[in-house]
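Just below is one structure, and these are the notes that go with it.
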Amino acid sequence: MRYQSFQLDDDVLKATDDMKLWKNEKGLVEITKDALAVGVTLDSKRCGYVFHGVGRLLIDTIVETDKGAVGSPVEKELDTPFLMLGKLDDAEKHLDAAEKKDFQKLGYDDQQQFISKGEELLDLFFENSEGEHKHSRMHIGKGFIFAFPNDSKLDILVTKGSKIVYTATDMVFVSKGDEVVLTSHGDVVVSRPGKSVFITNGHSRIR
């Protein structure tokens, strides 16, 4: 394992209620009741969870310009294990011990099988570089990092206050206040109040 002082708990929990893991005016990540959850600790302190259940990811990645809207929203069902790093307020009020039937409902024989799946996800998240590991350590407590499996890769959502960075196999979206950058299929749109720049096939247009 490459994530060093990041560890998973020995016990698996389940959601007793629907849970909104992150939400702001641009989107949300939520998981429904009965989802499995195993805690992630950093230096023996809770810093996140691996979840698996029925969930949803929504991000408004539409870029509004004075000539119209560009792009389309991200809407994904979350039905495979995903990672959340960040402080989840009052999480203990919505989580309780999981039972054997809870694991079987999601295709696991027991809690160790789910924990092993969580360890594989952490390995995948941290396998790129030590630099990514350091970035994650600094981000804990200041915002959220989500990692969603997408075939053999991960789609990553990083949030801090009103700032959003979302990277997927086919797009990059960055939003901070009224400034937005969208890269998709080789095209780039940069939008700020009063000005928008489009770059398509190496050619730029200013609106």
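So the values come out like this:
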| read-out | value |
| --- | --- |
| Residue within the range 42-57 that is in a strand (DSSP E or B), touching a Ser or Thr at 6+ places or on another chain (Cβ under 9 Å), open to solvent by less than 80 Å² (accessible area, probe 1.4 Å) and on the phi > 0 side of the Ramachandran plot present | yes |
| Enumeration of residues in the range 21-41 that are at negative phi, modelled with pLDDT of 95 or more and open to solvent by 30 Å² or more (accessible area, probe 1.4 Å) | Glu30, Thr32, Lys33 |
| For Lys76: the one exception among (1) surrounded by fewer than 17 Cβ atoms within 10 Å (Cβ to Cβ); (2) farther than 28 Å from Val174 by Cα | (2) |
| Sole residue being open to solvent by less than 30 Å² (accessible area, probe 1.4 Å) and among the acidic types (Asp, Glu), chosen from Asp178, Asp155, Asp170 | Asp155 |
| The range 1-20, residues that are of a type in the set (D, E, K, R) and either open to solvent by less than 10 Å² (accessible area, probe 1.4 Å) or within 14 Å of the chain's Cα centre (by Cα) (or both) | Lys20 |
| Condition check for Leu122: crowded, with 18+ Cβ neighbours inside 10 Å, modelled with pLDDT of 85 or more and assigned to a helix (DSSP H, G or I) | yes |
| Which listed residue, of Gly68, Gly39, Gly55, is touching a residue at least 12 places away in the same chain (Cβ under 8 Å) and within 27 Å of Val172 (Cα to Cα) | Gly55 |
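Table: residues versus (1) within 19 Å of Leu122 (Cα to Cα); (2) modelled with pLDDT under 90.
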{"residue": "Asp151", "(1), (2)": "yes, yes"}
{"residue": "Ile164", "(1), (2)": "no, no"}
{"residue": "Gly177", "(1), (2)": "no, yes"}
{"residue": "His185", "(1), (2)": "no, yes"}
{"residue": "Asn201", "(1), (2)": "no, yes"}
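The values are calculated or read from the model by the stated rules, or taken from the named source; none is laboratory data. These figures come from a predicted structure and were not determined experimentally. Here the Cβ is made from the backbone with ideal geometry for all residues, glycine too, and neighbour counts use every protein chain on show. Each accessible area value is taken on the protein alone, full model and side chains, heavy atoms only, with ligands, DNA and RNA left out. Shrake-Rupley method; radii C 1.70, N 1.55, O 1.52, S 1.80 Å.
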